Amino acid sequence: MKEKIISLFKERFGSEPVLYASSGRINLIGEHTDYNGGFVFPGAIDKCIMAGIKENGSDKVRVYSADLDNYCEFGLNEEDKPQEQWACYVFGVCRETIKRGGIVKGFDAVFAGNVPLGAGLSSSAALESCFAFAMNDMFNDNKIDKFELAKIGQSTEHNYCGVNCGIMDQFASVFGKKDHLMRLDCRSLEYKYYPFDAKGYKLVLLDSRVKHELVDSPYNKRRESCERVAATLGVETLRDASMQMLEASRDKISDEDYKRAVYVIGEKQRVLDVCDALERGDFETVGDRMYKTHEGLSKDYEVSCVELDYLNDIARECGVTGSRIMGGGFGGCTINLVKDELHDEFISTAKRKFNEKYGHEPMVYDVIISDGARRVNN
Ligand code: GLA
C-alpha cells in the first residue's frame, strides 16, 4: 500500500509525501454503550487507512481517493461540505481541527485502505483518525491531545456525515496498541490497556457482506430512545440507570424504548463481567457474555438481521466459545472467540451453510490487534 500511495502521489502532485496511517477496530464487548456513558472494550486491528500528505503552500486541500479513483478539492475557508461522501470525512476533520483552535494549512493527499467497507470495522473512523493525527503532526507540533483527535473524528461524523455516533471507534483508532484491547469508560474517559493474550483461542470475524441500508437513520433512533428513557428516569445517561429504576418507571416508557434500555443496562454489567473474566483467563465467561450480548442486540435492541443471526446460530452449533454481531449493526460482521482446534472446522461449516442459504460465503478475517494512528516510515 505504501509504494502505491507514494507512486500515485508523485504522479499526481510531483513530489514525495509523508505517510500516516490509522486502523479499523474490533470491539470485544460493550456495544451501543458509548453514547450511553458506558464501557466499551475495543482494539485497533491490522487493517488501516494510509495517506500520503504534503503541505502545498496554498489554502486548498486536494485529495485523491485511490480506492475509489476519485478526486476532490476544497478551500480551507469553505463552509459547504463536498458532494462526495468520502471527502466529507477529510473536510470535516479540517473544519473541526480549525474550530478547536488547531492549525490546518493547504495540503495534497492520496489515500488508500484495506479496512473492508460496511463490515462494521469503522473504516470511516480510520480515515478521520488518520487525517486528524496527520494535521496534528504536520501543523500543530503534536500539541492537540489524543482525546481531542478522537473527538475531531466524532464531531466530523455528527456535523458532516449525519451519524450521531459515540466515541468508541475514533478512540480505538487513535489509542490502539499492538496486542492490547482497551477498556474505556465513555463517561469519565478513563481507559486501561488489557494485554490480549488468549492462549488456545482465536478471534475471528465473519463478514456477512450484507449491509441493510435503512432509510430512517436507525442508529440515531436508537440513541434517541436511550436519551428519552434517561430523561424519564431523571439521569444524565443510561449508565446511571438500573433495572430497578427502569421497572419503577415502566408505565412511563414505551415498549420499544423499554426494550432498548433493558439491553443497554444489561450490557453495562456484561462488559464488567468480561473484564473480570479476562483477568482470570476465564474465556468461557467471556464467550457466554458475548452470546448474551448478541441476544440482546438481536431481540431487544433490534440491530441484528437474519444473516447475522444465522452466523451466530452456526457458531453455537459448532461449539464456538463466544459469538456476537459487532459494531453498529444492520449487517457487517460477527466477532467469534474460537478454540484453536475448532477454528478450521467452524470456518468451513460457516462458509458452506451461509452460502447454501444466502448464495455467497462470508469473508473471514483473523483478528490481529495492532497499533492505531501513527506516522509511517517511507
Ligand atoms: C458505531 C458507532 C460507535 C458505537 C457502535 C456501537 O460503530 O460509530 O460509536 O456506538 O456503533 O457500539
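We did not get these values from a lab; they are worked out from the coordinates using the rules stated. This is a predicted model, so every value here is computed, not measured. So basically every Cβ, Gly included, is an ideal-geometry build from the backbone, and we count neighbours across all protein chains shown.
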Worksheet item: Which whole-Hz couplings ³J(HN,Hα) result when phi for each residue of region 126-135 is put into the Karplus expression 6.51 cos²θ - 1.76 cosθ + 1.60, θ = phi - 60°, listed in order with x for Gly and Pro?
Response: 5, 5, 4, 5, 4, 6, 5, 4, 5, 4
Discussion item. Output wanted: per-residue J couplings in Hz (rounded whole) for region 40-51, from phi through Karplus 6.51 cos²θ - 1.76 cosθ + 1.60, θ = phi - 60°, x for Gly and Pro.
Written reply: 10, 9, x, x, 7, 10, 7, 10, 9, 9, 10, 10
Practice prompt. Please work out the C-alpha center-to-center distance from region 305-357 to region 244-271 and express it in whole Å.
Written response: 28 Å
Worksheet item: Sorted from fewest to most neighbouring beta carbons within 10 Å, what does the list L238, L233 look like?
Response: L233, L238
Response to the item:
Measuring from its Cα centre, the chain shows a charge dipole (+1 at each Lys and Arg Cβ, -1 at each Asp and Glu Cβ) which, in debye to the nearest 20, is 480 debye
Discussion item. Based only on other Cβ atoms within 10 Å, what is the fewest-to-most ordering of S249, S122?
Written reply: S249, S122
Worksheet item: Taking Cα pairs under 8 Å and at least six residues apart, what relative contact order does region 167-314 come out at, in percent?
Response: 16 percent
Fill in: Filtered GluC sites (Glu not before Pro), region 1-79: DSSP coil and at most 15 other beta carbons within 10 Å
E78, E79
Fill in: Vicinal HN-Hα couplings computed from phi for region 68-78 (Karplus, 6.51 cos²θ - 1.76 cosθ + 1.60; Hz; Gly/Pro x)
9, 6, 9, 10, 8, 9, 8, x, 5, 9, 5
Fill in: Qualifying trypsin sites (Lys or Arg not before Pro) in region 144-251, DSSP loop, other Cβ atoms within 10 Å at most 14
K178, K199
Worksheet item: Over the chain, what relative contact order in percent results from Cα pairs under 8 Å that are six or more residues apart?
Response: 24 percent
Fill in: Distance from region 96-132 to region 146-193 (C-alpha centre basis), Å
13 Å
Practice prompt. Taking amide H positions as placed in the peptide plane 1.01 Å from N, state which residues far from K47 in sequence (5 or more) or on other chains have amide H under 5 Å from it.
Written response: G24
Worksheet item: Using +1 on the beta carbon of Lys and Arg, -1 on that of Asp and Glu, and nothing else charged, what's the dipole of region 163-233 about the Cα centre, debye to 20?
Response: 200 debye
Fill in: Pairs from K60/K99; K47/K151; K221/K357; K259/K292; K54/K177 whose Cα-Cα separation, in the structure shown, is over 23 Å
K221/K357; K54/K177
Worksheet item: trypsin sites (Lys or Arg not before Pro) within region 1-45: which are DSSP loop residues with at most 14 other Cβ atoms inside 10 Å?
Response: none
